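Bear in mind that the values in this text are calculations on the coordinates, not laboratory data. Since we're looking at a predicted model, the values are computed, not measured. All Cβ positions, even for glycine, are placed from backbone atoms using ideal geometry, and neighbour counts span all protein chains on display.
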Amino acid sequence: MSLTLTSERNFRSQTVFQQGNLTVPQFSFLASLLTLGACAADQFVAPVLYSTSPLWAAAVCTALVRRRGHTGFERLEGAVDFGFSFERIALFVAAHALLVSSALLLPTKLEQLAGTVSSTGWITAGLKLSVLMPTLLLLPRERWSIVARTYATESIAALIVLFTFFPGRILATIWPWYGQVLGRLVFFLSAFFVHGITYAAALTPTIHGPGLDVTILPGCSGISGIELFDYLFAFVALLDWNRLRKGRLLLAYFGGIAVMLAGNGLRIVSFVVLGNHGFAEIVARFHLTAGWIFFSVLFLVYLFLIYSKLLAPSKR
């Protein structure tokens, strides 16, 4: 058996594989930035492609790649570099031009169905996400595998942002089932504190009480709490990215969404209980504005409980 000690600089020279005139970190940062600019340009020219998800995903990927301080943008001596070839840039531009042209040729009826919960709406949603695909043309597949291995956690974070940070379509799709589950849970818990309440099953279930009827609308699904959690959690993750345990961070993210949904259910229970114990006017007046305060406090409590467990041990 033979053991050889390798300096950090030599290790980086060996593992940060390069081609052209840019290092892997430089190329990854510029490719993410180029993708962000191209997505914005596509949406500006063809409004039917407008979606915040690809923009935020590209922006988060760009920010996290840049945040990786230990893989800075200095040139490594004696290494072969990454680079943008003219041919691949031309393919990238042509792909975006083809995508925009296709979007502009869509019938007006399809544009009107964009964002709706229908097969056509989902197809249009897929078209909006396809603005990210031309980025794959910037490098051969084997080179992308190197970038993917180097920035695996950043790529996963970008995918999470792409598919979960704006859950309106998901919640709208599952609302007929989720709304009933939420309504019955609220009714079951509220019945321990309020006598005489009844449950009316509907697309927007209603809990009838002696002093206040509470109708659970799609806007009461907890989506506002999830969106607030997404923004605050992303802000914390970006600030402490290099200090965090990425596996635990992923679990904490999905755990936080579950906490927000559970907290939203308890919030609605409080409306039923307080509204039917003499506070109906206060509940009706402040139930919307108080939601942001409630979800903000819930996030801070959750972060306080888990933050120390997310930090990687400090190296001495």
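For this structure, a couple of remarks:
- With all projection directions averaged, the alpha carbon convex hull of region 239-315 covers 5.9 nm².
- Residues 24, 48, arranged from fewest to most other Cβ atoms within 10 angstrom of their Cβ, appear as 48, 24.
- Going from the residue with the fewest nearby Cβ atoms within 10 Å to the one with the most, 139, 203, 55, 238 rank 203, 238, 55, 139.
- Counted by neighbouring Cβ atoms within 10 Å, the residues 272, 297, 283 run from fewest to most as 297, 283, 272.
- Here the Karplus relation 6.51 cos²θ - 1.76 cosθ + 1.60, evaluated at θ = phi - 60°, turns the backbone of region 35-43 into coupling constants of 5, 4, x, 5, 4, 5, 5, 4, 5 Hz, with x for every Gly and Pro.
- Couplings for region 251-260, taken from phi via the Karplus curve 6.51 cos²θ - 1.76 cosθ + 1.60 with θ = phi - 60°, read 5, 5, 5, 5, x, x, 4, 4, 5, 5 Hz in order; Gly and Pro are left as x.
- For region 135-209: rounded, prolate or oblate by the Cα gyration tensor [a/c cutoff 1.5]: prolate
- The packing ranking, built from the mean of other Cβ atoms within 10 Å per residue, places the peptides 59-66, 260-267 in the order 59-66, 260-267, highest first.
- Along principal axes, Cα extents of region 169-310, largest first, whole Å: 54, 31, 24
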